[in-house]
Amino acid sequence: MAFWRRRGVQAPEPPPLPSAPAPPRESFEIEASPVEEARPAADSPPEPRPPEPASPAPAPFDPTAFLAVAPTGSLDTGLERTRSTFINQLRGYLGDADGPQWDDVEETLIAGDVGAALAIELVERARRRRDSPNAESAIRTELAALLVKRDPDWAPRPAAAGGPAVILVVGVNGTGKTTTIGKLAARYAGEGRVLILAAADTFRAAAIDQLRIWADRAGVPMIAHAPGADPGAVVYDALDAAVARGADLVIADTAGRLHTKSNLMDELSKIRRVIDKRLPGAAPETLFVLDATTGQNGLAQARAFHEAVGLTGIVLTKLDSTAKGGIVFAIEDALKVPVRFVGVGEGVGDLLPFDPDEFVEALFA
Ligand SMILES: Nc1nc2c(ncn2[C@@H]2O[C@H](COP(=O)(O)OP(=O)(O)OP(=O)(O)O)[C@@H](O)[C@H]2O)c(=O)[nH]1
Ligand SMILES: [Mg+2]
């Protein structure tokens, strides 16, 4: 059964950080519980407790079994809206019987969230290409060229010997950060990695509860403090716990914040400093979660977060809910930071690793 357990901090108390208050003396740890067990409804009357029967120890929770039954989203389905409108229209203008309608191509690219300046450049370059068999192929090649080169075998790896890899998940409100962490936790636990989640969105109690549900589902432990606590202290404790137990990955949730609020952006920089302090050289993966339906405003958000904390990757969520998948090209071209995953639904299997060739292929399929 899931339960909250008060955990006395076992390691010696770390020295207080110069710019940060010392972590609270106690943190809460949430143990993973088997996913099958339902919690009683909050308003149901308490049942009389039967005598404890001697029962065999429950089988250890196996996240791979959980993942095996979870439906997996597909890029084809996730890109349905983008393909049937944006790309369909683009193809119509590119393959027009009277020759490519470049002005319309440009407008379609802008409407598809590629961005005005980039759309103009793209059309110019495609028109000049002499090596493409047709206009569609020229645009396709130019779009693919906007996506940054990446290591196809990328995975969050510990940078410091003996320490865990760290993923810090950031973004504005409601973009899908916590959901993405839940999906990532299930994915990496399914691969046999030993994880700890850090509930560093201490802004709302509900945020901690939401992450706990995902932690339970994935069968991974989570470190949390009380609502309102210093998020840096939560991350510090999660790193401590990971080192003590030999966990190889810590994923930290953070509160959604507007990129224009400088005090909130400073708080993120502070979390980064806490990581550097506890795990010098850790080089955390800082994933910016962008809601694909946000449009070009997403670029302004991404730039501000990049400036504040230095992004290493992007997760583009809700691709299934937009017809404007062009934002993928815009954001990679603007930041030169790779999209690592795309979200194509709300289910645990609806987070797909991003492969540029596969993506362009699926767009024009
Ligand atoms: N359709 C779709 N919905 C998604 C996807 N990812 C997340 N969502 C939904 O987006 C909503 C917000 O998700 P959260 O994970 O709570 O977002 P958050 O960024 O943690 O929100 P805050 O903590 O309030 O800033 C939820 O209803 C999710 O189910 C996705 O890829 N596709
Ligand atoms: Mg959240």
By Cβ neighbour count within 10 Å, fewest first, 336, 324, 270 rank 336, 270, 324
For the stretch 117-128, Karplus-derived ³J(HN,Hα) couplings (6.51, -1.76, 1.60; θ = phi - 60°; whole Hz; x for glycine and proline) come out as 4, 5, 4, 5, 4, 4, 5, 4, 5, 5, 5, 7
Neighbours of residue 232 by Cβ distance under 14 Å: Lys/Arg at +1, Asp/Glu at -1, summed charge -3
Between residue 96 and residues 5 or more places away or on another chain, the pairs with built amide H atoms under 5 Å apart involve 101
Most packed first (mean Cβ within 10 Å per residue), the peptides 280-286, 97-103 order as 280-286, 97-103
Most packed first (mean Cβ within 10 Å per residue), the peptides 211-223, 153-165 order as 211-223, 153-165
HN-Hα couplings for the stretch 229-242 via Karplus (6.51, -1.76, 1.60; θ = phi - 60°), in whole Hz with x for Gly/Pro, come out as 6, 6, x, x, 5, 5, 5, 4, 5, 5, 5, 4, 4, 5
Counting sequence-distant residues (5 or more places) and residues on other chains, those with an amide H built under 5 Å from that of residue 129 are none
Residue 360 neighbourhood, Cβ < 15 Å, K/R = +1, D/E = -1, net charge -4
Phi angles of the stretch 173-185, converted by Karplus (6.51 cos²θ - 1.76 cosθ + 1.60, θ = phi - 60°) into ³J(HN,Hα) in whole Hz with x for Gly and Pro, give 5, x, 7, x, 4, 5, 4, 4, 5, x, 5, 5, 4
The long-range amide H neighbours of residue 73, using H built 1.01 Å from N in the peptide plane and a cut-off of under 5 Å, are 349, 350, 351
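Read-outs throughout are calculated quantities, based only on the coordinates presented, and are distinct from any laboratory measurement. Just so it is clear, the model here is predicted, and its values are computed rather than measured. Every residue, glycine as well, gets a Cβ built from its backbone with ideal geometry; the counts of neighbours run over all protein chains shown.
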